[in-house]
Amino acid sequence: MLTRMIRGGISNTMNGGNGGGSTTLSPKDWEVLSSYLTKLPVYVVESAQKSIRDKWDGVAPPRRDGLHRRLSHSAMAHPADLEVSSYVFQLEAPGSNGCLIGGTEASANVSINARAHKCKYNVMLPPYDTRYDVKVEPMSGKLKPGGKSHQIKFTLVVQTMGLRNIQCVVGIDVEGGYRHFLVLDLRPTPASSASSTPLTQDAIFVSHPHTVPSPLAALRTLFATLNGYSTAGVFRDNPTEKDMNRVWDAIQNGTTGALVRDGTVDAVCVAGCIKSYIKIHTPHILTSLPTSILLSPPPNPSATLGSHLPPSDLSILTWILDLCVACSREGKMSLKLFATVFAPSLTPPPSSTSGSGTGDLEDLMAGLKVTQGVVGFLSACMEERVAVVAGAIVAA
């Protein structure tokens, strides 16, 4: 990855061309570099920067490796630099069911001082991302050795629902010297667990209620209002993230009625939100079932579910099954189609070992076989629910 980025032109930018003067990263270079740094473990980002800077204190000649060239502007012996109080910031914000809540924020302060020369600095914000926003005060400043330290405040604002964590990189660009990269890692507070999500009674079919998280019930009501049960391609097609964010905001603010009046979203978008919620908040419900049962469904799968799943998971799964049965009945789509759509969210993805060779392929094929078995198992469960709710009216 380092070599590809350097050969792509970033090394010339970092080296300052002829070895003198300062340069700036282009938006594209910063986007690539930021994306790369967020994929690294946070301790690597921190330790690498400290290690490379120690080489410039006269202990050893300057290094010429790729990461060093990307951290410094030029080839000067002792470039301008800063003392930074911390490179990694573990932040917490309110959450719901283990996920961050849209509109919440968290802040952190970093203290910086001039290291050996007076210098100017500018803050580089992360590339634009619809999921979050970063605010920084101040964006620039001047420092001199022995002078008063500067405090820079970072505020990370959550823009969308359903995120388990946000990690981004903010840069501090020292004119004529180094760049510093700070990692902001935002997660929900530990107290925000699944048990904190309000539960409610919701029925896909009249007289067949289930206890589910309130957001699912609200989404199902909006789904029914938009004639989702009879909409072609529902749950199969994928809506845009922008449209789903609009639905999540309305659910959170209690303004779903405005969405219906304005006609700004459709049932396919709400179906996408339902899939997203299940995948994030109630993943892998079927993992507690023995593989043998998934590969060869028994004649009465509901009895098997009742003996292996906790009541909360069983209620949510039955709610999903009834939703699929209602859509199949009203929209004239096959139950197997819905089983195929929901199977990946209810079981772990196929995985392979960390080694190489035929073992990887064997593990992958075994995982795919289980996924296919889950499709058959869910289809059998849905067929059983068809008989249970026969004659029942679909709830509005």
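Taking 4 °C and 1.567 mPa s as conditions, segment 251-319 diffuses translationally at an estimated 88 µm²/s according to Stokes-Einstein applied to its Kirkwood radius (Cα pairs). Equivalent ellipsoid of segment 108-170: semi-axes from √(5λ) of the C-alpha gyration tensor, largest first, are 30, 10, 8 Å.
State, to one decimal in nm, how far the label point of Glu175 lies from the label point of Ser47, with both points 7 Å from Cα in the Cβ direction. Rounded to a tenth, the inter-label distance reads 3.6 nm.
Summarised as an ellipsoid, segment 215-260 has semi-axes of 17, 13, 9 Å, derived from the eigenvalues of the Cα gyration tensor scaled by 5 and square-rooted, with the largest first. Computed over protein heavy atoms with a 1.4 angstrom probe, the accessible surface ordering of Arg115, Arg179, Arg261, largest first, is Arg261, Arg115, Arg179. When Rg is the radius of gyration of the Cα atoms in segment 136-188 and Rh is its Kirkwood radius, what does Rg/Rh come to? Radius of gyration relative to Kirkwood radius: 1.07. Each principal axis of the Cα cloud of segment 190-333 was taken in turn, and the coordinate range along them, longest first, works out to 48, 43, 30 Å. When Tyr87, Tyr36 are compared by accessible surface with a 1.4 Å probe, the order from highest to lowest is Tyr36, Tyr87. For Ser47, the accessible surface of its heavy atoms amounts to roughly 60 Å² (probe 1.4 Å, protein chains only, rounded to the nearest 10).
Placing one equal scatterer on every Cα of segment 100-209 and applying the Debye formula, the log10 ratio I(q)/I(0) at q = 0.13, 0.20 Å⁻¹ is -0.62, -1.03. Model label sites at Ser207 and Leu40, defined 7 Å from Cα along the beta-carbon direction, differ in position by 6.5 nm. Here each label is just a point 7 Å from Cα along the line to Cβ, and for Leu199 and Asp185 those points are 3.3 nm apart.
Estimated at 0.36 nm per residue, the fully extended path between Ile293 and Thr255 surpasses their Cα-Cα distance by 9.4 nm.
The values are calculated or read from the model by the stated rules, or taken from the named source; none is laboratory data. Remember, predicted model here, so these are calculated numbers, not experimental data. Cβ: placed from backbone, ideal geometry, glycine included. Neighbour counts: every protein chain shown. Calculation scope for accessible area: heavy atoms of the full protein, side chains included, ligands and nucleic acids excluded. Shrake-Rupley method; radii C 1.70, N 1.55, O 1.52, S 1.80 Å.
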